[in-house]
Amino acid sequence: MEKKIILKYGELSTKKDNIGLFLKILKKNIAFNLMEEQVKIEYDNGRMFLTVPENYFNHVLNKLKTIFGIHEMVIGYEINSIEIDSIEESLKELIENKDFHTFKIETKRSNKNYPFKSPEINQRLGSYVLKKKENVKVDVHDPEITIHVEIRLQKSYLYFETEKGLGGYPVGTLGKGLLMLSGGIDSPIAGYLTMKRGVKLEAIYFESPPHTSLEAKKKVEELARKLSLYNQEIKLHVIKFTDIQEAIYKNIPHEYLITIMRRMMYRIAEKISRQENCKIIINGESIGQVASQTLTSMNAINSVVTIPVIRPLACFDKLEIIELAKKVGTYETSILPFEDCCTIFVPEHPVINPEIVKCEEYETKIPYETFIQEAIKNHEIIKISTKEKKFEDIL
């Protein structure tokens, strides 16, 4: 009987003909985080099995909690037999030192040619436990422990507790997207939710020195670092936005400052996306949250690009976003009091129903194409990764 970590796929199991690709990328993502030379990974269409050094189990489980595509994870025991007698003997060994008064058995058979059906196995193993363990009884509704039994083609498995994974699809199975990452609460969570759907992230940040500080930039780098826990690596594109922003402030009617600024950001983000083979732009906008996030504003801003723009938080309210940010671990960083370029030069009364015709008219007052080309040409790229260097460092 060998102790292993067993992973269940959940939503991935619906992929049928494409599941091989999804599982291959999931294995690659796990190996990246766990260093393949130390963890043996085997899988089929139903389960993934990790053989792990004994003193590495807790570390591996913590890492697996940051990997999308895993529905559930368990520490299980592999039996090199599907004979019911062998399963009983292994079960006897496992429950010997467990303290419980009520239990139930749950059996799954991927081997449909097995001579016993699941209810029959439950009954037989339940009877066996009642004989071998004193002062216990079956409780199918609220047991202290559940004994899980899985019978596969040539091997069987026993385990007790299960732990939820992040679910979703493995990062990288659905291509790349460019996240418009500010220092706020919303955009990191938009990135997190997009990764959950299998999209690998790059990020773009607009800085406006000296109006924005070095601390604001470092704050965004830290947010990117937190997101890289789920993404392996984040390539952060830092755009100096000062010249564009100052030109907008000096030449554009102030009620249109935010609208024109966002249109410029989208133009730059689209060009970076095409350079980096990103298929979508992602942002943290929530409908109606601020003036630039009304439906009319979104339409006016979107009109300058042809690439799809994804808004994972469009229908979330602020309290829901905050709750998720605390869960993901970005909230405390996001609320650090350093302004980004979206919060400077904010007019007192921004337009909430901008007209595209007026936007186009006002934009003729500035040579924005030149500004955009210069900003892209001279932009900074920062690669942020959480990949471990040495196995010995975490033992």
Compare the peptides 133-140, 289-296 by average per-residue count of other Cβ atoms within 10 angstrom and give them in order, highest first.
289-296, 133-140
log₁₀ of I(q)/I(0) at q = 0.09, 0.14 Å⁻¹ - the chain, Debye sum with one point per alpha carbon:
-0.65, -1.14
All lysines inside 17 Å of residue 218 as judged from Cα atoms, apart from same-chain residues fewer than 8 positions distant:
226, 235, 240, 383
If each residue's Cβ is checked for other Cβ atoms within 10 Å, how do 166, 21, 236 rank with the fewest at the top?
21, 166, 236
The range 178-279: GluC sites (Glu not before Pro) in DSSP loop, at most 16 other beta carbons within 10 Å
276
Rounded Å value of the spacing that divides the Cα centres of the range 86-104 and the range 164-193:
42 Å
What are the membrane-span-like helices in the chain by this rule: whole DSSP H runs, Cα extent along the axis at least 24 Å, mean Kyte-Doolittle hydropathy at least -0.5?
257-275
Go through 104/132; 40/326; 40/155; 3/164 and tell me which ones have a Cα-Cα distance over 26 Å in this structure.
40/326
Can you give me the relative contact order of the range 2-164 as a percent, contacts being Cα pairs under 8 Å and 6 or more apart?
27 percent
Cβ charges +1 (Lys, Arg) and -1 (Asp, Glu), total dipole of the chain, debye:
1000 debye
Given a Förster distance of 45 angstrom, what is the FRET efficiency for residue 83 paired with residue 225, based on the Cβ-Cβ distance and rounded to 0.05?
0.35
Enumerate the residues in the range 1-41 having an amide nitrogen under 13 Å from the point lying 7 Å beyond the Cα of residue 59 toward its Cβ.
33-39
Expressed as a fraction of 2.2 N^0.38 Å, the rule-of-thumb size for a compact globular protein of N residues, what is the C-alpha radius of gyration of the range 2-164?
1.09
Between the DSSP loop rule and a limit of at most 16 other Cβ atoms within 10 Å, which trypsin sites (Lys or Arg not before Pro) in the range 290-395 are left?
365, 387, 389, 390
Charge dipole (the chain, unit charges on Cβ, about Cα centre) - positive-most of 45, 256, 272:
45
Given H placed on each backbone N at 1.01 Å, which residues far from residue 107 in sequence or on other chains put an amide H within less than 5 Å of it?
149
Grab the Cα-Cα distance for residue 108 and residue 320, subtract it from 0.36 nm times how many residues apart they are, and report the gain in nm with one decimal.
72.7 nm
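From the C-alpha coordinates alone, can you work out the Kirkwood hydrodynamic radius of the range 176-385, in Å?
After inverting the pairwise mean of 1/r, the radius is 17.0 Å.
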As a percent rounded to 5, the proportion of antiparallel DSSP bridges among beta bridges in the chain is 55 percent
How long is the gain from residue 124 to residue 2 if the chain were fully straight, where each residue apart is worth 0.36 nm and the alpha carbon distance is subtracted?
41.6 nm
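A short reminder: the numbers here are calculations on the coordinates, not readings from a lab. Note that the structure is predicted; figures quoted are calculated from it, not measured. No Cβ is skipped: glycine too gets one built from the backbone with ideal geometry, and neighbour counts run over all protein chains shown.
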